[in-house]
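First comes the structure, then the notes that go with it.
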Amino acid sequence: MPVIETRQLTKYYGKARGIVDVSLQVEEGEIFGFIGPNGAGKTTTIRLLLGLIFPTRGEARIFGKDAIKDGPEIRRHIGYLPSEVFYYEGMKVIDLLKYAASFYPGDHTKRLHELAEYMELDLHRKIEDLSYGNRKKVGIVQGLLHRPKLVFLDEPTLGLDPLMQRKFFDLIREENARGVTVFFSSHILGEVQRLCQRVGIIKEGQLIEVSDIRTLQQNNYKRIYVAAREIPSGYFDRPGVTNLEAVNGGVRFFYKGDIDAIVARISALDLIDVTIEEPTLEEIFMHYYE
């Protein structure tokens, strides 16, 4: 049974589009990437899944239960890190996190201190004195301190320096290794490529592709560089070839189609060098948006 399941999930804000007919499944124990530029509908989707806003139509189920009707029960087992974190200014970090922990059954003191130490978070500073990056650390600790079964991360690394980003990714991998399902929303494609097993691409409120990252790369176009003694003008003007440009004494282009055909075309030249590579996730993403 999927941990997350949506069917034609749709949200309009008056006449303004939020998301339209988003249908997806996220399986237990996976790290699912959800990518798109700002305004594509990523945060709206997460808020609908959390039951924080109501859909215009369609449905969302978490742990097999209705995200709206069973919202209070579901949220006991969910961790959430929003893209922007706002807290009571006058509180110390430790007091705020203890307050957050009080909403969940059990004693989470040990877990709270372990996470704070790992994230290098000073528990005794006031919220109002924290930088944006340190406030983000508070959000990370808060989202994980009750050992949730499912974690939603919305642009989680904004404000974190590169070393802390690496520690954060290691922490998420550890959580996933113990069975936590992760829904990772980001517009930073390199993060998704390093962390996630599958990815959904959302464009203007509509889900346009869901695939595992490796298949997405393999079934998409290849990045090819060819250097030869001579490459006749128009030699690579053929179906499947895009973004053709002269570079470093050769030509570089993207190709989607019969790989045997393009290899045969390349091998007919008096070659100096040739490189055929998988595209990065960013190149694939831009292909969908162009």
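The values are calculated or read from the model by the stated rules, or taken from the named source; none is laboratory data. No experiment lies behind these values; they were computed from the predicted model shown. Note: ideal-geometry Cβ built from the backbone for every residue, glycine included; neighbour counts use all protein chains shown. Only protein heavy atoms, including side chains, enter the accessible area calculation; ligands, DNA and RNA are left aside. Shrake-Rupley method; radii C 1.70, N 1.55, O 1.52, S 1.80 Å.
General remarks:
- Across the range 143-158, the number of residues qualifying as without any contact (Cβ under 8 Å) to a residue 60 or more places away in the chain and buried (at least 19 other Cβ atoms within 10 Å of the Cβ) comes to 2.
- When Ala67, Ala16 are screened for being in contact with a Gly (Cβ under 8 Å, 6 or more places away or on another chain), farther than 16 Å from Gly143 by Cα and open to solvent by less than 80 Å² (accessible area, probe 1.4 Å), only Ala67 passes.
- Residue tally, condition β-branched (Val, Ile, Thr) and open to solvent by 80 Å² or more (accessible area, probe 1.4 Å), over the range 235-275: 1
- Filtered by the rule that a residue be outside any loop (DSSP other than H, G, I, E, B), touching a residue at least 12 places away in the same chain (Cβ under 8 Å) and open to solvent by 40 Å² or more (accessible area, probe 1.4 Å), the range 70-98 gives Arg75, Tyr80, Lys92, Lys98.
- Residue within the range 226-234 that is closer than 30 Å to Gly205 by Cα and open to solvent by less than 40 Å² (accessible area, probe 1.4 Å) present: no
- Per the listing Leu189, Leu160, the residue uniquely at pLDDT below 95, more than 14 Å from the chain's Cα centre (by Cα) and aliphatic (A, V, I, L, M) is Leu160.
- Residue check for Ile53: under 29 Å from Glu204 (Cβ atoms) and buried (at least 20 other Cβ atoms within 10 Å of the Cβ): no
- Matching residues, the range 115-142, being open to solvent by 80 Å² or more (accessible area, probe 1.4 Å) and either hydroxyl-bearing (Ser, Thr, Tyr) or under 18 Å from Phe168 (Cβ atoms) (or both): Glu117, Glu120, Tyr132
- Being among the acidic types (Asp, Glu) and at pLDDT 95 or above holds for only one residue in Glu128, Glu89, Glu59, Glu84, and it is Glu59.
- Selection from the range 32-66 of residues that are assigned to a helix (DSSP H, G or I) and free of Cβ contacts under 8 Å to residues at least 24 places away in the same chain: Arg47
- Qualifying residue in the range 39-46 (condition: open to solvent by 70 Å² or more (accessible area, probe 1.4 Å), out of contact with any helix residue (DSSP H, G or I) (no Cβ under 7 Å at 6 or more places or on another chain) and not β-branched (Val, Ile, Thr)): no
- The range 1-24: number of residues that are part of a strand (DSSP E or B) and free of Cβ contacts under 8 Å to residues at least 40 places away in the same chain: 2
- The lone criterion from (1) open to solvent by less than 50 Å² (accessible area, probe 1.4 Å); (2) of a type in the set (A, V, I, L, M); (3) at pLDDT below 85; (4) touching a Ser or Thr at 6+ places or on another chain (Cβ under 8 Å) left unmet by Val199 is number (3).
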